[in-house]
Amino acid sequence: MKANCWNGTEDLRVEEVPDPKILNPRDAIIKITSTAICGSDLHIYDGYIPSMMKGDILGHEFMGEVVEVGPAVNNLKVGDRVVNPFPIACGRCYFCASGQFSLCENSNPNAWMAEKLWGRSPAGLFGYSHMLGGYAGGQAEYARIPFADVGPIKVPQHLSDEQVLFLSDIFPTGYMAAENCNIQPGDTVAVWGCGPVGLFAIASAFLLGAERVIAIDRFEERLRMARENCRAETLNYESTDVLEALSEMTGGRGPDSCIDAVGLEGHAHGFFGLYDRIKQSLMLATDRPTSLREAIHACRNGGTVSVPGVYGGFLDKVPFGSIVNKALTIKSGQTHVQRYLRPLLDLIEQDKIDPSFVVTHHMPLARAPEGYAMFRDKQHECIKVVLKP
Amino acid sequence: MVAEFSHPSQARPGARAEFGPAHVYDEWDDQSQSPPSPAAGSPAARNLGILSLALGAGALLMPARLSRVSGLQPYRRLLPLVGLRELTAGIGLLSSSNPTPWLWSRVAGDAMDLAVILSSLLNPNNPRKTSAAVTAAVVAAITAIDTRESMRSSRAGDSIRQSAAPDALVSASVIVSKSPQECYDFWRNPLNMTRISPMVESVTVLDERTSRWLIRSPLGHRIEWDSKVTAEVPGERISWRSVDGGGLYHAGVIRFERATGDRGTLVNTSMHFRVPAGAAGLGLAKLLGANPRSEVREDLRRFKQLLEAGEIPTTRGQPSGRRSIVGRMTREGRLSRQGSR
């Protein structure tokens, strides 16, 4: 089959690889009908995720049709149309039993690697480095899904791929980011980053009862989408002093919750922007936490900072004093996607949201490397690329 | 998971000495074994260190005089540098717990000195060639001593590394979302160990309490022994030890306790391994791999995965694109079936 393989920083190749096989009793194989490039894939593309190997198959947002099931999978049958969540979870350990699927203790064969870096290991993920399991990803024609009796959700035929595909990651990720804010009626939520996760966080914040959402980015097409598709007020940080504007817009109190949907490759102007770039390029820091600093600084006393953006390592100049003295709550984590599949699919079926609004580009799988470059460089107003095998 | 690993230098008094730490056999009590002290500097290394210091001081403080006496006048400007080098080596030899690299640094220094002395001898403008010849003889003798001591120290280092782990005491723990009885039942059947431990090649049950174990070490060495359950409390704990023969003394205990808040079972194991002196030259590291703690910890992890999830997660046999040459040599790189192009 064809698969999009990582060959090094900014070096992706669509290669001919063997078809996946059932390896464990709870596995299933699906034939992929749609797969997307995630913003977090760009961190791999740009070489910021450790423990990648040449030849690794990328991709963790995918859906398709079941073509084979292992002997222990009783809830799926050949021909079922399913969307697959990006974390791999056994469904039976302490964490899965409490709904924290992305912390599954039994799905990462390389847990020891993650334990070295982070102390404990989260769940294994599709196509996201050996430290997180080394599982082949879904930017391919077929994928093997471990614990297929727990992860994939069957989706009805009347919904298009684009409507349900993002249940695999970015819709639940934005939703969990908003849910982590513990939004109360009348709340104002600020969202840094209007990429797909930021957009779903905005939409979810409104769904969960926020009265105002203020969205921050520098690309006009993304801000437009935040305004027009998600009803947010917007700030362009290239032309506005964000901290001052947020203060003014909230009577000097600050947003009740702040969501950092940017992650480790944040951009900034001025001293800190330069400082982070230099430190990261000299490998003195692993991440550029520009937006995280701002979110912490801007948040109101006693508010919540929710971090769906991906950070990997050791962050520099994070204003912890502000967290302590303003009594902030910090919430983060890889998304417990399995927990959100059913309720969010219900929202889609009830027409409360149509996630396909984020899609700006369709491409064949063979052009995946081109899609990554376009998405990373925001060419052609690219916000979300869907690949068709 | 927590794990401890130490090299108890000696068994506690009163314990069965040939088997080592008593708590593996009895109860969890004393974990206070201390690792063996590192190799102390040998007398020869100390003497050579003092020689280095003396020479270094001389070359630094009175280079003119030393160069005249030694017949090295054409190179007197080099002498302070030689002095610095000697001082460094001297300090290293006297202060480091591992003298080997410093001894070899002396050999390298000797070679440099011999080269300088030789060119002094051949220098037609040198007025004191006889002195240079004597110096050459003295330095050659010192070189011989340095070389002999360096080689001796290197060999000693090797044997220290091998014998530093005559014992391995390994403990690890894991919480499993199953009852203590279910965990106990799994461990009470020795055949199950082949499912969670890749090192266990085969287990043969000989009788209710005895089984024969064939282990293949990470480096491919095979070792076989018989093991006997020495004590057991159903649902609580199992103790075992090796019986006569085989190339290994081994004993262990595994305990199953209710975890706090009914979160399943807290499983604790502690194992002791010792390779008897002269057992076919098989070092413990060769048998158990460089890090026996992680082997035991990973065995426990697989045990948990098998009991909870019903299978052990794997990527062995999944597809990948072409690996790099280096990647193909790693364990991870070998797990996948590569594409052709």
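The values are calculated or read from the model by the stated rules, or taken from the named source; none is laboratory data. Quantities reported herein were computed from a predicted structural model and do not represent experimental measurements. Quick reminder, even Gly has a Cβ in these numbers, built from the backbone with ideal geometry, and neighbours come from all protein chains shown.
Here are some notes:
- Residues that are surrounded by fewer than 18 Cβ atoms within 10 Å (Cβ to Cβ) and part of a helix (DSSP H, G or I) within the stretch B:88-103 comprise B:Thr88, B:Ile91, B:Leu94, B:Ser95, B:Pro101, listed in sequence order.
- Counting only residues that are within 14 Å of another protein chain (Cβ to nearest Cβ) and surrounded by 14 or more Cβ atoms within 10 Å (Cβ to Cβ), the stretch A:70-93 holds 10 of them.
- Of everything in the stretch B:62-101 that is under 16 Å from B:Ser52 (Cβ atoms) and among the β-branched types (Val, Ile, Thr), the residue that is nearest to the chain's Cα centre (by Cα) is B:Thr100.
- In the stretch A:362-389, the residues that are β-branched (Val, Ile, Thr) and part of a loop (DSSP other than H, G, I, E, B): A:Ile383
- Any hit, the stretch A:171-178, residues being within 11 Å of chain B (Cβ to nearest Cβ) and within 27 Å of A:Gly64 (Cβ to Cβ): no
- Hey, A:Ala114 surrounded by 23 or more Cβ atoms within 10 Å (Cβ to Cβ) and away from chain B (no Cβ under 11 Å) or not: no
- For the stretch A:326-338, the criterion of a residue being in contact with a Phe, Trp or Tyr (Cβ under 9 Å, 6 or more places away or on another chain), surrounded by fewer than 19 Cβ atoms within 10 Å (Cβ to Cβ) and in a helix (DSSP H, G or I) is satisfied by no position.
- The listed residue being of a type in the set (A, V, I, L, M, F, W, C), assigned to a loop (DSSP other than H, G, I, E, B), surrounded by 19 or more Cβ atoms within 10 Å (Cβ to Cβ) and modelled with pLDDT under 95, out of A:Val318, A:Val310: A:Val310
- All strands (runs of 3 or more DSSP E) inside the stretch A:202-266 with 3 or more residues being out of contact with any Pro (no Cβ under 9 Å at 6 or more places or on another chain): A:212-217, A:233-236
- Among (1) free of Cβ contacts under 8 Å to residues at least 40 places away in the same chain; (2) within 24 Å of A:Arg218 (Cβ to Cβ) - the single one A:His362 does not satisfy: (2)
- Number of the condition not met by A:Lys54 [criteria: (1) among the basic types (Lys, Arg); (2) without any contact (Cβ under 8 Å) to a residue 24 or more places away in the chain; (3) within 14 Å of another protein chain (Cβ to nearest Cβ)]: (2)
- Those residues of the stretch A:124-138 which are facing chain B (nearest Cβ under 7 Å), in contact with a Leu (Cβ under 8 Å, 6 or more places away or on another chain) and not in a loop (DSSP other than H, G, I, E, B), in sequence order: A:Gly124, A:Tyr135
- Exactly one residue out of A:Ser291, A:Ser322, A:Ser306, A:Ser281 is outside the structural domain of A:Val82 (by TED's automatic domain parsing) and farther than 26 Å from A:Phe219 by Cα: that is A:Ser322.
- Of all residues in the stretch A:45-69 being crowded, with 24+ Cβ neighbours inside 10 Å and of a type outside the set (Gly, Ala, Ser), the one that is farthest from the chain's Cα centre (by Cα): A:Asp56
- In the stretch A:222-271, of all residues being closer than 22 Å to A:Asp377 by Cβ and of a type in the set (Ser, Thr, Tyr), the one that is surrounded by the fewest Cβ atoms within 10 Å (Cβ to Cβ) corresponds to A:Ser239.
- Criterion: out of contact with any Ser or Thr (no Cβ under 9 Å at 6 or more places or on another chain) and under 27 Å from A:His60 (Cα atoms) - qualifying residue of A:Ala203, A:Ala245, A:Ala232: A:Ala203
- Failed item in (1) assigned to a helix (DSSP H, G or I); (2) over 30 Å from B:Arg331 (Cα atoms); (3) more than 14 Å from chain A (Cβ to nearest Cβ), with B:Glu182 passing the rest: (3)
- Index of the failed condition, A:Ile323 passing every other in (1) outside any helix (DSSP H, G or I); (2) in contact (Cβ under 8 Å) with a residue 12 or more places away in the chain; (3) hydrophobic (A, V, I, L, M, F, W, C): (1)
- Unique match (being part of a strand (DSSP E or B), over 24 Å from the mean Cα position of the chain (by Cα) and either modelled with pLDDT of 85 or more or not assigned by TED's automatic domain parsing to the domain that holds B:Phe273 (or both)) among B:Ile145, B:Ile175, B:Ile117: B:Ile175
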